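**Student:** Just passing along the structure, written as structure tokens.
Just so it is clear, none of the values below were taken in a lab; they were calculated from the coordinates. Given the structure is predicted, the values throughout are model-derived calculations rather than measurements.
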Amino acid sequence: MTGKVLKTTLGALVKEYGFVTMGVISYALGWSIFLLPNNLIGGGVSGFASILYYATGIPMGVTYLVINVLLLLIGTKILGTGFGGKTIYAIVMTSVMLSVMPSIIPADFIQEFATSNGKLICTIIGGIIAGFGIGLSISQGGSTGGTDIIALLWCKFHAASPGRVILIIDVVIILSSLLFPSYTDSGDMLPFAEKLAVVVYGLVQVTVSGYAVDLYLSGSKQSVQAFIFSKKAEEMADAIAFDMKRGVSVITAKGWYTKEDRDVLMVVTRKSDLNLLLRYVKSIDPDAFLSVSSVMGVYGQGFDTIKVRTEHKKKQKA
């Protein structure tokens, strides 16, 4: 029953994959126009792929695909089959775009639009565009894989923060560029002093790109609370709980005008899931009445963790 609630699943899926594609294109444009022509680097698998590209000429997309496929195979074996189709699609599309775009974008356009403005400006703009692309893909359930998988593997066996692990990996990758030669498109080798500057630019790029991702996703991290008044409360609660996989509470209420007892559904979910919730409600009961409001903080399973500094920890630090 619940699997047939939404009639526009195919259309929604096409829309989501369309946004993931737009995110991948934005990510590839940031690298192809602003970063690669300036021999700039970044973090993650893309950063390592760019280092090999400058040293050996191997297309960035090839290295990106090979490393991600290996990480996906290892991650699937250890972590389980938790990597969705959108992640695989995003990885393949990113590999294709990174291989094709640098050769089809006119050199005159890159020179006028990017290279002539200096490496620092290109680092910032390229980081913003690439970060926006990552954020757009993630918001639709896609992921570019890479160091995210490494972080999950590490955290499975060690007590560590995934974000901190990713940051350490990015810094290591950027610093590793000093161990590899770097050639420009004209075949000239970058002097060591300029490679040191590229490392600094790489750290700036990681910071800017990460900030762009957070800025794009900041709205999606917010939570909303919805009260749903419907004559089909039981059917709707089943759909939300078992099909949408979201928590729902049933509150018994009485309409003072009708003097009738009726069940009211209360749902707390991420703001990014609100449109999906509204689609479920409309598909089951178009006449349902909803009240939606933003909430300041949500703590518990599936949301934020309450962080309380206990007296024991205070004494240990003292």
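**Student:** Measure up Lys77/Lys245; Lys254/Lys282; Lys15/Lys195; Lys15/Lys245; Lys86/Lys271; Lys15/Lys156 against 31 Å on the Cα-Cα distance and list the ones that go over.
**Tutor:** Values: Lys77/Lys245 25 Å; Lys254/Lys282 23 Å; Lys15/Lys195 42 Å; Lys15/Lys245 21 Å; Lys86/Lys271 20 Å; Lys15/Lys156 34 Å.
Over 31 Å Cα-Cα: Lys15/Lys195; Lys15/Lys156.
**Student:** If you take the alpha carbon radius of gyration of the stretch 31-116 and divide it by 2.2 N^0.38 Å, what ratio comes out, to two decimals?
**Tutor:** 1.22
**Student:** Here is a follow-up. Indicate the gyration tensor shape class of the stretch 8-59 (rounded, prolate or oblate), computed on the Cα atoms with a ≥ b ≥ c the square roots of the eigenvalues: a/c under 1.5 is rounded; otherwise a/b larger than b/c is prolate and the rest oblate. Write out the running numbers ahead of the final one.
**Tutor:** On the way: a/c = 3.82, a/b = 2.90, b/c = 1.32.
Prolate, because a/c is 1.5 or more and a/b exceeds b/c.
**Student:** With just the Cα atoms defining each centre, how far is the stretch 4-69 from the stretch 220-280? Give it in Å.
**Tutor:** 37
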